[in-house]
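Have a look at the structure below, then the notes.
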Amino acid sequence: MLNVSAPALLLGFDDESAPVTRLAEAGGWPVATVQRHRFPDGELRLRLPEPLPPRVVVYRSLHRPNEKLVELLLVARHARQAGVGHLTLVAPYLGYMRQDMAFQPGEVVSQRIVGAWLADLFDAVITVDPHLHRVATLAEAVPVAQPVVLSGAPALADWIARQRPGALLLGPDEESAQWVAQAARRHGNDSAVCRKVRHGDRSVRIELPDRAWAGRQVVILDDVASTGHTVAQAARLLREAGAVSVDVAVTHALFAGDALDVLHAAGVGAVWSTDCITHPSNVVFMAAALAAALQGVLDAPALPMMPPA
Ligand code: R5P
């Protein structure tokens, strides 16, 4: 029988010590770091504290995910062997969610495979704005007993309201409409959404909605910026249409390669993000929201998953 009154231990990694510490402080949980040694051939040796309590929470944001997935496999299997009864993954950014269908014959649908694999390792997964556009719920992508989805949009909306009161919130594509609508409702902002056609990783075509852009302050809001080309295209069009300022707010600051240069060259002013991915643009911390969600998970431990009938 799982002892739900025993304190949970939060496990983090040294490259994410700041958000893990914030989460531990927000929820009052003890925290420990997974010790990592890299062998000359690139393999990892991991070391966890001993003994482990009955409930363990692993914090790992899954950008640049390949090696982290191996870390999660090793940590979760070790924890189970060490007697941990309830394992939670807090992955503010959940990687491999964008490939949710085979766009070409033979393409691997990584969302389903990685999702099922994580569900096999963990009892609960807490994440923020996962890229779920062709499935409705996190449970469909990650069939874990306790799936929890938070959004960065409300906290980003509050930040934007303080920095650019009255700005128009613009989503760079149809998929961003959900976050833009949520953020705009919160502070009564005007909002709009672009149309986007993607031709390749760094090639997108954006169409601005028909609005009077001249003289407007615009903040582009999206879940993810990766190469930055989606946001940059929108920013360039806004500047050409006479917007006086174009700033960018994203939940997940992937910003691969020269993405920030691409944004600034397109006329973007400020770039703001949540700390779901550690990045110099982080201005909004998710610790309080994550702590509340984690407390909810720990207060209602998972029932064993029933096999399908
Ligand atoms: C796509 O649907 C996402 O919401 C982002 O718009 C996209 O991932 C951004 O990618 P990039 O920055 O490479 O254009």
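The values are calculated or read from the model by the stated rules, or taken from the named source; none is laboratory data. What you see is a predicted model, and the numbers here were worked out from it, not measured in a lab. With ideal geometry, Cβ positions are generated from the backbone for all residues, glycine too; neighbour counts draw on all protein chains shown. Each accessible area value is taken on the protein alone, full model and side chains, heavy atoms only, with ligands, DNA and RNA left out. Shrake-Rupley method; radii C 1.70, N 1.55, O 1.52, S 1.80 Å.
Restricting the search to the range 104-134, which residues are surrounded by fewer than 17 Cβ atoms within 10 Å (Cβ to Cβ) and within 16 Å of the ligand (Cβ to nearest atom)?
Quick first cut of the range 104-134, residues surrounded by fewer than 17 Cβ atoms within 10 Å (Cβ to Cβ) only: 104-110, 113, 116-117, 120, 133-134.
Scanning the range 104-134 gives S110, H133, R134.
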Residue under evaluation H199, criteria (1) free of Cβ contacts under 8 Å to residues at least 12 places away in the same chain; (2) more than 12 Å from the ligand (Cβ to nearest atom), criterion not met: (2)
So V219, is it open to solvent by less than 10 Å² (accessible area, probe 1.4 Å) and modelled with pLDDT of 95 or more: yes
Test set (1) within 10 Å of the ligand (Cβ to nearest atom); (2) surrounded by 23 or more Cβ atoms within 10 Å (Cβ to Cβ) - I277 fails condition number: (1)
Among the candidates D247, D261, residue that is assigned to a strand (DSSP E or B) and under 25 Å from P280 (Cα atoms): D247
Where a residue in the range 251-272 is closer than 13 Å to T230 by Cα and its partner, wherever it lies, is open to solvent by 40 Å² or more (accessible area, probe 1.4 Å) and of a type in the set (A, V, I, L, M, F, W, C), with Cβ under 9 Å and at least six apart: V268/L260
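Across the range 54-74, what is the total count of residues that are open to solvent by 30 Å² or more (accessible area, probe 1.4 Å) and either in a loop (DSSP other than H, G, I, E, B) or not acidic (D, E) (or both)?
Within the range 54-74, the first condition is being open to solvent by 30 Å² or more (accessible area, probe 1.4 Å), and the residues that meet it are 54, 63-64, 66-67, 70, 73-74.
Checking the rest, the ones that are also either in a loop (DSSP other than H, G, I, E, B) or not acidic (D, E) (or both) come to 54, 63-64, 66, 70, 73-74.
Qualifying residue count for the region: 7.
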Output for the range 153-192, where each listed residue is assigned to a strand (DSSP E or B) and either surrounded by fewer than 19 Cβ atoms within 10 Å (Cβ to Cβ) or polar (S, T, N, Q) (or both): S191, A192
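More than 16 Å from the ligand (Cβ to nearest atom), outside any helix (DSSP H, G or I) and either out of contact with any Gly (no Cβ under 6 Å at 6 or more places or on another chain) or open to solvent by 50 Å² or more (accessible area, probe 1.4 Å) (or both), is that true of A256? Spell out the reasoning first.
Working: more than 16 Å from the ligand (Cβ to nearest atom): no; outside any helix (DSSP H, G or I): yes; either out of contact with any Gly (no Cβ under 6 Å at 6 or more places or on another chain) or open to solvent by 50 Å² or more (accessible area, probe 1.4 Å) (or both): yes.
Considered against the rule, which asks whether it is more than 16 Å from the ligand (Cβ to nearest atom), outside any helix (DSSP H, G or I) and either out of contact with any Gly (no Cβ under 6 Å at 6 or more places or on another chain) or open to solvent by 50 Å² or more (accessible area, probe 1.4 Å) (or both), A256 comes out as no.
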Condition met for R80 (surrounded by fewer than 19 Cβ atoms within 10 Å (Cβ to Cβ) and more than 24 Å from E175 (Cα to Cα)): yes
